[in-house]
1. Please report the net charge: other residues with Cβ closer than 13 Å to the Cβ of Ala54, K and R +1, D and E -1.
2. For the chain, what are the DSSP H helices with axial Cα length of 24 Å or more and mean Kyte-Doolittle hydropathy of at least 0.5?
3. To the nearest 20 debye, what is the magnitude of the charge dipole of region 45-147 about its Cα centre, counting +1 on the Cβ of each Lys and Arg and -1 on the Cβ of each Asp and Glu?
4. Give me the aspartates and glutamates in straight-line cross-link reach of Lys130: C-alpha distance below 16 Å, same-chain residues under 8 apart excluded.
5. With a sphere of radius 13 Å drawn around the Cβ of Arg75, what net charge do the other residues whose Cβ falls strictly inside it have (Lys, Arg +1; Asp, Glu -1)?
6. Can you tell me which of Leu105, Leu24, Leu118 moves the most in a GNM of the chain? Springs connect C-alpha atoms under 10 Å apart.
7. Of all accessible surface on region 79-132 at a 1.4 Å probe, what whole percent is carbon and sulfur?
8. Counting only residues 5 or more places away or on other chains, whose amide H sits under 5 Å from the amide H of Phe62 once H atoms are built in the peptide plane?
Amino acid sequence: MSHQVFICAAPADRTAANAVRAVLEAEGLASWVATRDLPNDADPVETIRAAIAAAQVMVLIFSARANEAQDQIKRELQFAAYSQTPVLPFRIENVKPVKVLEYFLPPNQFMDAFPPPLDAHLHRLAATLKPVLEKAPARSPMAVSQP
């Protein structure tokens, strides 16, 4: 599966992640999100690592719930750093990252998506990503992991 955007989100932010995915894909930006794209029989760590490495950008749905899920989010941010996948934090609440996450996030480069409603912010996200992705170098397609 070929995708341009890896969507990183805390499990409790599934609704926001699906909204981001729906708008990006409606705008022609292929996206990967674990809740939809992670096969049941796949190794989740290796599959997510491969999906991040294949993406041109990671969009991090950032909220208080991301801070609470800091271990999972930190691992995905580490994978992004290792594979040199740029990260765009899409902040859906006015919260600051905990220190362990702050280390991995680009300073002063959060895209704020509040106050509600989220829809207008989603279209702004897509409009911001389109020119970035057009200029970004192509990545190797995601290798299919075998169980």
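The values are calculated or read from the model by the stated rules, or taken from the named source; none is laboratory data. Here the structure is a predicted model, which means the values were calculated and not measured. With ideal geometry, Cβ positions are generated from the backbone for all residues, glycine too; neighbour counts draw on all protein chains shown. Just so you know, the surface numbers come from the protein's heavy atoms only, side chains and all, with ligands and any DNA or RNA stripped out. Shrake-Rupley method; radii C 1.70, N 1.55, O 1.52, S 1.80 Å.
1. Details: positive: Arg49, Arg139; negative: Asp37, Glu46.
Value of the local net charge: 0.
2. Working: long enough: 119-135 (25 Å, -0.19).
Long hydrophobic helices here: none detected.
3. Values: 11 positive and 9 negative charges, 38 e Å.
Taking the Cα centre of region 45-147 as origin, the dipole is about 180 debye.
4. Here the aspartates and glutamates satisfying the reach criterion relative to Lys130 are Glu25, Glu27.
5. Numbers: positive: Arg49, Lys74; negative: Glu46, Asp71, Glu76.
Result for the neighbourhood of Arg75: -1.
6. Largest GNM mean-square fluctuation: Leu118.
7. Working: 1990 of 3320 Å².
Whole-percent figure for carbon plus sulfur exposure: 60.
8. Phe90, Arg91, Ile92
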